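Remarks on the structure that follows.
Each value in this text was obtained by applying a stated rule to the coordinates, not by laboratory testing. All values reported here derive from a predicted model rather than from experimental measurement. Glycine gets a Cβ as well: all are built from the backbone with ideal geometry, and neighbour counts include every protein chain shown.
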């Protein structure tokens, strides 16, 4: 796996429950808290009488936040930071107004500032956090959210996570039960009690130093430090058994997390080039690409999708350094004729038909027994579809594509009805979807994702030292994005789409940006980085 990432597989034979801190582990409210603390303390320090120059230094959102307030109950955080500056205030009472200069008054003002921030900015969720909890519950684990925050319910509701956990122990529960805050283990122990699980059979996920210390003080079976800010060593020093920096890499009973994001919300792969370079360090790149909509723009008729000279030269440069795989819905012979580059691996018919350079000795075919059936259905389709103007029936060796891009909007439903009626009489075939196309293909458990895994295995790639990248634009490419979640990089080409959910990690706007990214990859050395 890439440097800095640790793969963790959570197993039922080892644990019964998993306890999560909220801010910084599940939700992206750590920054909102840090901003709120800074606004509170900077305003107070500027106006408080009798302070020297050192005491008036602005609140540091990195150092001061982690050292004095992160993970602690709000009033404890106020006291901890002020005492670090030699400032001692009366404690006051929880009923103090936000204007009173007491520990509780300042804490209540911080809460007011935080609420205003949430109202204006909302709550984001860390990638993979929701999916991890859902997968844990699916596999029979009990889960709890454990936080010092009194705003837990507010944050969970804003993030649409209010019904996700089996138990919730927060600042309000702590106050009601008289529990000590982190780094004391009280709140984690209360969560394990509510879940009826012994600490030894429970895991704790924490990003705060005080929280990690709390989990270790409670003798929990495994304390996982979540490193969001580059403090891995300090998390380990405080008692973390293991440190991860990305929840999306975690497995549960050997299963990878699955998550989908709206295409319009995915970050640009070009903006994340430095992250890709870091992930590629000391790993072998394998570049896989779709053809239509990825290497060539989407066109009205399949025969018009011609590879440009510039894209072809770019592919040559990339393939001179790294294995390049083309996985297309087109026939194998068709896709080879369109690209006409030696040294590439070609997978046609969505991976049903594969060939490689002779020295690689990779060849594969699946579905030969379906050819007579496909011949018969092709004849039937052409007869029925010909009644609707603008339809195109494209026969491929192992599938039949019915294009309706040129069909008038009011007639498109008729195309799908004809396809569905034929499939109802032909259970051995199934319907696939694409951009303005229906595809009839053998009902076999095989797709672009399985073809990609078969090829990676055939290339004898050590997956711990390999970074597979797949770039595609269509629904059929989602199978490849899916198998790469947690082990590679999926990149979807948007071409104006924003609302469709995708399993990809990054996005590119169009084929021009695909070429730009390939140029960057072509400039990478075999050991990773830029040559």
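Quick notes on this one:
- By DSSP, the beta bridges lying fully in the range 110-265 are antiparallel in about 15 percent of cases.
- Over the range 30-121, the pair-distance histogram of Cα-Cα distances with 5 Å bins from zero comes to 3, 15, 27, 28, 19, 7, 2, 0 percent, rounded to whole numbers.
- With viscosity 1.002 mPa s and temperature 20 °C, the Kirkwood radius over alpha carbon pairs of the range 254-347 converts through Stokes-Einstein to a diffusion coefficient of 138 µm²/s.
- Antiparallel content of DSSP bridges confined to the chain, in %, to 5: 40
- As a ratio to 2.2 N^0.38 Å, the alpha-carbon radius of gyration computed for the range 369-442 takes the value 1.00.
- Relative exposure of 39, 238, judged by other C-beta atoms within 10 Å (fewest first): 39, 238
- Helix axis angle, 129-138 relative to the chain longest principal axis, alpha carbon, degrees: 80
- The equivalent ellipsoid of the chain has semi-axes of 53, 24, 23 Å, largest first, where each one is the square root of 5 times an eigenvalue of the Cα gyration tensor.
- Label positions at residue 172 and residue 413, each projected 7 Å from the Cα along the C-beta direction, are separated by 4.8 nm.
- D (Stokes-Einstein, µm²/s), Kirkwood Cα radius, the range 393-531, 0.692 mPa s at 37 °C: 189
- Fraction of antiparallel bridges per DSSP, the range 400-531 only, in percent to nearest 5: 60
- Alpha carbon centroid spacing (whole Å) that separates the range 282-305 from the range 9-67: 45
- Helix axis angle, 511-522 relative to the chain longest principal axis, alpha carbon, degrees: 70
- With 0.36 nm allotted per residue and the present C-alpha distance subtracted, the residue 154-residue 260 stretch has 35.7 nm of extension available.
- Normalised by the number of residues in the chain, the mean separation of alpha-carbon contacts (under 8 Å, six or more apart) gives a relative contact order of 15 percent.
- Cα gyration tensor shape for the range 150-259, rounded if a/c is under 1.5, else prolate or oblate: rounded
- Counting only alpha carbon atoms, the long axis of helix 30-47 and the longest principal axis of the chain meet at about 40°.
- Ranked by how many other beta carbons lie within 10 Å on average, peptides 201-207, 484-490 from highest: 201-207, 484-490
- Summary of the geometry: the range 76-101 and the range 435-495, compared by the centres of their Cα atoms, lie 56 Å apart.
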